[in-house]
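Following: one structure in structure tokens, then a few remarks.
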Amino acid sequence: MSLMRGLMMEMPLLISSLIRYAAEYHGGREIVTRTIEKDIHRTTYAEVYRRTQQLAHALTALGAEPGDRIGTIGWNSHRHLEVYYAVSGIGAILHTINPRLFADQLVYIMNHAEDRFLFVDSSFVPLIEQLADKLPKVEGIVVMAAEDRMPETTLANVHCHETLIAGRPEHYDWPRFDENTASSLCYTSGTTGNPKGVLYSHRSTVIHSWCVCSADTLGINNRDSLLVIVPMFHANAWGTPYAAAMCGAKLVFPGPHLDGQSVHELIESEGITASAAVPTVWLGILQYLEETGKTLDTLERVAIGGTAAPPVMVRTLQEAYGVRVCHAWGMTEMSPLGTTGVLKGESLMLPKEEQYKLQEKQGRGIYGVDLKIVDDDGEPLARDGVAFGNLMVRGPWISSGYFKGEGGDVLDPDGWFPTGDVATLDAEGYMQITDRAKDVIKSGGEWIGSIELENVAMEHPGVAECAVIGVKHPKWDERPLLLAVRRPGSNVTPAELLGFFAGKVAKWWLPDDVVFLDELPHTPTGKVLKTALRERFADHVLPTAGVAE
Ligand code: ADP
């Protein structure tokens, strides 16, 4: 018996086809940006596509070649979108850079990536001026601004985005190449060790976009007006700029203005139906709504991920504002979608409280991402919602290794990628993260999951934000310490907050102490920076430390 080849066309899945489709079939659909200066800029897919082709000509004229890395340091905007498509379209590699990284990390990743050109927002020009002499590979810098908004600068080889593309031909013959060609590069924020580069391909990006458009995930579709809050430098804004072009959704970019009022204004003025962001941004929006009594009339659904969505946030959005929440989990290494919390048909038959319990989980397995949990010897664990272990993933939009081989062979012998998360899987395929492996609290040989404790604390009306970390304990090795930020006007005491846990978690999980802080430190992608908290509270003496139990 021999296998027979199918007779389907061999059309490579290329990123240029996404924006060409959007222009051809949804040319009049709007793309709206709130600029750095706070005014509203309006354009369409047709116009963005014309300008993308002009930019592709400009890049070629500058000398950019296929395979070159081209960095961007910018907020979400229409020009950033043009750079997304033009760079990958010509076969070069779009390297999105997180401007919130420390200066030495920025220098490290730009040199590691060997970026030849940089596209930057005008507000980042002073930053680049400081770093320029440490970036020997960078040959030119394009400021993503109009001519009259070009900043004064001491930088050499600076171009204005508008001047650069002006007068260039409006048609570019996109090259056709192998769909496995690298398209973009994004470094993980590297809370431990140096950042590592995740190198996406055209193929992985296009099929991930189909996934983002699927009704069982974010369900981005043509009727949507999509507010892209998650930054374009955080795992390609969770793939939304590609998915939106694939279906012709209206795209709305908030620029750097992510405060509650600015976001709410855009939701109202642009008739936003769908959005995606990390919990801290939703926290700000919910606070603003509470203070002003405003509502979210057009917003149908939101994706929340990056860190655990506190259950109280899910409930408030759904019940007080009528917005359906899709709790999602993923990683930069996973393009990033891994699991999504759109409930299964059977789950919708369950009583409401049980549905909420499911929404607390990080979502369920989706086509394209295989999931398994294993013990420390790599042996698979039961899918019973109780056994927890190292979460491993496999699929066509998941990294097989890091750029330039950093970190060595990351896959296990069977080709699974270790996520570094500790999770349970239940019989229905819902996955729940108990912790990042490095954040797990080890007490008396047992594990305590910090996320569950944080979720409980967040239910207390006096708590705005919190984190639970393990601190040294003479008898139990480690015990949980709850660090919390009070809501404005709240006087909740440590004893009250601890009392709030009664009956909600196993007794031996109760935090041993509570410390209130003015704010919590965050990573550049909006996670609580637990490494910093562990350092700061390394010598914290728990009230239970001297107590014989
Ligand atoms: P970085 O590490 O660069 O900040 P990533 O977004 O790639 O960025 O981080 C991925 C990690 O974020 C996951 O491994 C997981 O620990 C955490 N994470 C993402 N989504 C969730 C979620 N919904 N609940 C809990 N943790 C999450």
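The values are calculated or read from the model by the stated rules, or taken from the named source; none is laboratory data. Remember, predicted model here, so these are calculated numbers, not experimental data. FYI the Cβ positions are ideal-geometry reconstructions off the backbone, even for glycines, and counts take in every protein chain you see. Calculation scope for accessible area: heavy atoms of the full protein, side chains included, ligands and nucleic acids excluded. Shrake-Rupley method; radii C 1.70, N 1.55, O 1.52, S 1.80 Å.
The listed residues Trp447, Trp416 rank as Trp447, Trp416 when sorted by accessible area, largest first, using a 1.4 Å probe.
With contacts taken as Cα pairs under 8 Å at a separation of at least 6 residues, the chain carries a relative contact order of 10 percent.
Rounded to two decimals, the Cα radius of gyration of the stretch 328-403 over 2.2 N^0.38 Å is 1.23.
How long is the gain from Asp518 to Ala103 if the chain were fully straight, where each residue apart is worth 0.36 nm and the alpha carbon distance is subtracted?
Here the segment from Asp518 to Ala103 would lengthen by 146.8 nm.
Calculated translational diffusion coefficient of the stretch 379-421 (37 °C, 0.692 mPa s; Stokes-Einstein with Kirkwood radius over alpha-carbon pairs) equals 278 µm²/s.
If the cut-off is a Cα-Cα distance under 17 Å, which aspartates and glutamates reach Lys134, setting aside same-chain residues fewer than 8 apart in sequence? Candidates past the 8-residue exclusion: Asp104, Glu114, Asp115. Put the Cα centre of the stretch 443-501 next to the Cα centre of the stretch 67-145 and the gap is 40 Å. Residue-wise HN-Hα couplings along the stretch 369-375, as the Karplus relation 6.51 cos²θ - 1.76 cosθ + 1.60 with θ = phi - 60° gives them from phi, are 10, 7, 10, 8, 10, 10, 7 Hz; Gly and Pro carry x.
Summed over qualifying helices (DSSP H, 4 residues or more, each -39500 (n - 2.57)) and divided by its residue number, the chain shows a 222 nm mean residue ellipticity of -8000 deg cm²/dmol.
Would any residue of the stretch 331-354 have its amide N under 11 Å from a label point 7 Å out along Cα→Cβ of Val410? List them or say none. Label zone hits: 331-335.
In summary, the convex hull built on the alpha carbon positions of the stretch 117-276 has an orientation-averaged projected area of 12.8 nm².
How big is the accessible area of Asp133 in square angstrom, nearest 10, if you roll a 1.4 angstrom probe over the protein chains? Answer for Asp133: close to 130 Å² accessible.
Rg/Rh, computed from the Cα trace of the stretch 439-536 with Rh as the Kirkwood radius, has the value 0.95.
Here Ile40 and Asp148 are evaluated by their C-beta separation; at R0 = 22 Å the FRET efficiency comes out at 0.85. Per-residue extension of 0.36 nm, minus the Cα-Cα distance of Glu268 and Glu354, leaves a gain of 27.7 nm for this segment.
When the GluC sites (Glu not before Pro) in the stretch 1-67 are filtered for DSSP coil states and for at most 12 other beta-carbon atoms within 10 Å of their beta-carbon, the remaining sites are Glu10, Glu37. Potential lengthening of the chain between Glu496 and Thr280 amounts to 75.3 nm, from the contour at 0.36 nm per residue minus the alpha-carbon distance. Compute the relative contact order of the stretch 191-334 as a whole-number percentage, counting only Cα pairs closer than 8 Å that sit 6 or more residues apart in sequence. This gives 20 percent for the stretch 191-334.
Which whole-number percent gives the relative contact order of the stretch 439-536, counting Cα pairs below 8 Å spaced six or more residues apart?
26 percent
In this structure the stretch 439-536 gives 45 Å² per residue of accessible area when probed at 1.4 Å with all protein chains present.
Is the shape of the stretch 183-290 rounded, prolate or oblate, going by the alpha carbon gyration tensor and its root eigenvalues a ≥ b ≥ c, with a/c under 1.5 for rounded and a/b larger than b/c for prolate? Oblate shape, in that a/c is at least 1.5 and b/c is the bigger or equal ratio. For the stretch 483-547, the Kirkwood hydrodynamic radius comes to 13.7 Å, computed from all pairs of different C-alpha atoms.
Of the beta bridges in the chain, as assigned by DSSP with both residues counted there, near 55 percent are antiparallel.
Loop-resident GluC sites (Glu not before Pro) (DSSP state other than H, G, I, E or B) in the stretch 454-519 with no more than 10 further Cβ atoms inside 10 Å of their Cβ: Glu519.
Computed from backbone phi with θ = phi - 60° and the Karplus coefficients 6.51, -1.76 and 1.60, the 3J(HN,Hα) list for the stretch 515-522 is 10, 8, 10, 6, 7, 9, x, 10 Hz; x is used for glycine and proline. Ranking His264, Ala237, Ser225 by Cα position along the charge dipole of the stretch 183-302, where only Lys, Arg, Asp and Glu carry charges on their C-beta atoms, puts Ala237 farthest toward the positive end. Computing Rg and the Kirkwood Rh from the Cα coordinates of the chain gives a ratio, Rg/Rh, of 0.97. With respect to the chain, whose longest principal axis is taken over its alpha-carbon atoms, helix 450-459 is tilted by about 80°. The separation of the stretch 205-241 from the stretch 254-320, counted between C-alpha centres, amounts to 17 Å.
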